[in-house]
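Heads up: the structure comes next, in structure tokens.
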Amino acid sequence: MREKLQKLLGSRRWLRTAVALVLMGAVVVLGMVGLPRVVEAASTERALPIYCVQQEEKLASLTFDAAWGNEDTQQLIDILGEYGVKATFFVVGAWAEKYPESVKALADAGHEVMNHSDDHAHFSALSEAEIRANVTACNEKVAAVTGVTPTLFRCPYGEYDDHVITTLFDMGMYPIQWDVDSLDWKEIPASEIAQRVLDRVEPGSIVLFHNAALHTPEALPEIIETLQSQGYTLVPVSQLIFTEGDYEIDHTGRQIPLDP
């Protein structure tokens, strides 16, 4: 009986040794095909939206998020029109439903009306299917008024993660963040809004404002006049970013065109 037990234990040791050798061989093979490098890259690289653009020319974009109020939208249209500036407005689908006349006024004035979600949800908490449905719902509401389907998207609260950005790009949407925050939503004085923006704008910048912030209409003329006097041309975001040819987005969110 003891001899049988020893033989059985010996066979089990042999089996464990054989399994260990097979696993070691698999690790070696996977290492040869470069899998660890792929894993390392995946763990360190983030999917990012476009914060700004590498531009040789003095181009920049003014953007406005419209999610809640509508007190100043027409005044902003008038100010921008006075200086010949076209801007990009990121609107929530529910806002577009509530204020279709403002959406039409923006489009009629030549401004871009783009997507800021359907209901200002926290997108990082949504599944891929929920993201797609939410973005599509807002696109349809905007297109119903303007006749143009949005191609740019700004995440509510500026929140995102890899699966949000990857899903947006897969939908053919360009996720747009900002590199200059006016902080107008904090209701800081107009002079402080203007100083913050003017101190931070550089070629390729995307500036964040809100359509219903208290002092934005007061700050806007000084900002536009100063930037134009410095040689800047203020264009909609779709004219600032690169949508043709190859490009990369670096670790700061700067979109950089690649040489052909």
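What follows is calculated from the coordinates using simple rules that are stated; it is not laboratory data. Since the model is a prediction, treat every value here as computed from it, not as a measurement. Methodologically, a virtual Cβ is constructed for each residue, glycine included, from the backbone with ideal geometry; neighbour enumeration extends over all protein chains shown.
Computed from backbone phi with θ = phi - 60° and the Karplus coefficients 6.51, -1.76 and 1.60, the 3J(HN,Hα) list for region 124-134 is 5, 8, 9, 6, 4, 5, 5, 4, 4, 5, 5 Hz; x is used for glycine and proline. The gain in end-to-end length when the ARG46 to ALA129 segment is fully stretched comes to 27.8 nm, 0.36 nm per residue minus the alpha carbon separation. Note on GLU225 and LYS104: with the Förster distance fixed at 30 Å, the Cβ-Cβ geometry gives a FRET efficiency of about 0.60. Calculated on the Cα set of region 52-257, radius of gyration then Dmax: 16.0, 47 Å. Using the Cβ-Cβ distance between ILE256 and ASP119 with R0 = 41 Å, the FRET efficiency computed as 1/(1 + (r/R0)^6) comes to roughly 0.75.
Can you give the charge dipole size of region 81-163 about its Cα centre, rounded to the nearest 20 debye, using +1 on the beta carbon of Lys and Arg and -1 on the beta carbon of Asp and Glu?
Here region 81-163 has a charge dipole of around 260 debye.
Counted residue by residue at 0.36 nm each, then reduced by the alpha carbon distance between them, the extension gain from ASP181 to THR243 reaches 19.9 nm. Averaging the sequence gap over all C-alpha pairs within less than 8 Å and six or more residues apart, then dividing by the number of residues, gives region 109-260 a relative contact order of 16 percent.
The local environment of LYS86, defined by Cβ-Cβ distances under 15 Å, has a net charge of -4 under the rule Lys, Arg +1 and Asp, Glu -1. A simple count of charges around CYS155, restricted to other residues whose Cβ falls under 12 Å of its Cβ and scoring Lys, Arg +1 and Asp, Glu -1, yields -2. Counting every alpha-carbon pair across region 45-147, the share separated by more than 23 Å comes to 34%.
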